[in-house]
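Structure first, then comments.
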Amino acid sequence: MRVLVVEDEVRLAENVASALRESSGFAVDCAEDGETGIALAGNRCYDLIILDLMLPKIDGLGVLRDIRASKDRTPVLILTARAEVGSKVNLLNAGADDYLSKPFDLGELLARSKALLRRGKGIAHPTLQAGDLVVNTLEQTAFRAGVPVILSRMEYRILEYMMHRPRVIVSKQELLEHLYDYNWEHHSNVIEVHVSNLRKKMGGADGMSLIQTLRGRGYRLLLTKAENS
C-alpha cells in the first residue's frame with residue numbers, strides 16, 4: 001500500500017515513515033506543509049493519508065476539507081495535539097476517518113493505519129483469500145492449498161495488492177505508483193522480475209499459477225485454476 005504523511009515535524013514524519021516502511025512494507029511519501037500535502041493528495045494514488053492538524057501554509061483541517069471537496073474518499077488519519085471533544089467531533093464531521101492524539105505510540109499508529117486500510121478496501125478481517133490462496137496481512141504470510149509460500153518483501157507486497165483486486169487487471173504503472181515512493185526510478189523493469197518470480201512460487205502442486213499476464217495490459221489474479229485454462 002502507498003501512504004502519504006503530511007507532518008511538519010521532520011523527525012516525527014521520518015519516524016512514522018520508517019515504521020510504516022519497515023514493519024509493513026508500505027511505500028511512503030512525506031509533505032511538510034498543507035499546500036504540498038494537497039498537491040500530492042491530488043494525484044489520487046494513495047491508500048491512506050496520515051495528516052497532522054497543525055501545519056504551515058494550510059492547516060490540517062483545510063487540507064482535509066480540500067481532499068473531501070474533490071470527492072477523494074481515501075481514508076484519513078488525523079494526528080492532533082488537541083484534546084477537546086469538540087475539535088475531534090469537527091474533524092470527524094469534516095471527513096476524517098480516525099484521529100490519534102499526540103504524543104502517541106507508533107504501535108498504535110500502525111494498528112490504526114492497517115485497520116483503516118482494511119476498511120477502505122471493504123475488508124474487516126486481516127486474512128484475504130482467493131481460491132486456495134490465503135494471505136494473512138498482519139503476519140505477512142501466504143499459503144496455497146495449506147502449503148506456505150516463501151516470498152520476498154516486494155513479492156509479498158505485489159501479491160497483497162493484487163489480493164485486494166481479484167480478477168481485476170492491474171497494470172505495471174499502477175503497481176509502481178502504489179508500491180514505490182517518488183524516489184524510485186519508474187522506468188525500471190523491477191515489476192516484471194518480481195511478478196515472474198511470484199508466478200513461479202505460486203505455481204502450486206498442479207503447476208498452474210493463479211497470476212495471469214496480459215501482454216501490454218498488466219496482470220490479473222484469478223480465483224481458480226479453471227479461469228486460467
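Tabulated values for the structure
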| item | result |
| --- | --- |
| Long-range HN-HN contacts of residue 28 with modeled amide H, under 5 Å | 3, 181 |
| Modelled FRET efficiency - R0 41 Å, residue 108 with residue 215, Cβ distances, 0.05 increments | 0.35 |
| Isotropically averaged projected area of the stretch 1-67, using the convex hull of Cα atoms (one quarter of hull area), nm² | 3.8 nm² |
| Helix-only CD estimate at 222 nm, as mean residue ellipticity for the chain, using -39500 (n - 2.57) per DSSP H run (n ≥ 4) | -12000 deg cm²/dmol |
| Accessible area (Å², per residue) of the chain, counting only protein heavy atoms and a probe of 1.4 Å | 49 Å² |
| Whole-percent pair-distance distribution, where bins are 10 Å wide, for the alpha carbons of the stretch 77-176 | 13, 35, 28, 18, 6, 0 |
| Long-range HN-HN contacts of residue 171 with modeled amide H, under 5 Å | 219 |
| Value of relative contact order over the chain, rounded to a whole percent, pairs C-alpha under 8 Å and six or more apart | 16 percent |
| Carbon + sulfur, % of accessible area of the chain - ligands and nucleic acids excluded, 1.4 Å | 51 percent |
| Proximal aspartates and glutamates to residue 57, defined as alpha-carbon separation beneath 15 angstrom and excluding residues fewer than eight positions away on the same chain | 7, 8, 9, 32, 33, 35, 66 |
| [x] 17.9; [y] 18.7; [z] 19.2, with the label sought being that of the calculated Kirkwood radius over Cα pairs in Å | [y] |
| Residue 87-residue 127 pseudo-label distance in nm [points 7 Å out on the Cα-to-Cβ vector] | 4.2 nm |
| The stretch 43-98, relative contact order in percent, only Cα pairs under 8 angstrom and at least six apart counted | 41 percent |
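The values are calculated or read from the model by the stated rules, or taken from the named source; none is laboratory data. These numbers come from a predicted model, not from an experiment. With ideal geometry, Cβ positions are generated from the backbone for all residues, glycine too; neighbour counts draw on all protein chains shown. For the accessible areas, the whole protein counts, side chains as well, though only heavy atoms, and no ligand, DNA or RNA atoms are used. Shrake-Rupley method; radii C 1.70, N 1.55, O 1.52, S 1.80 Å.
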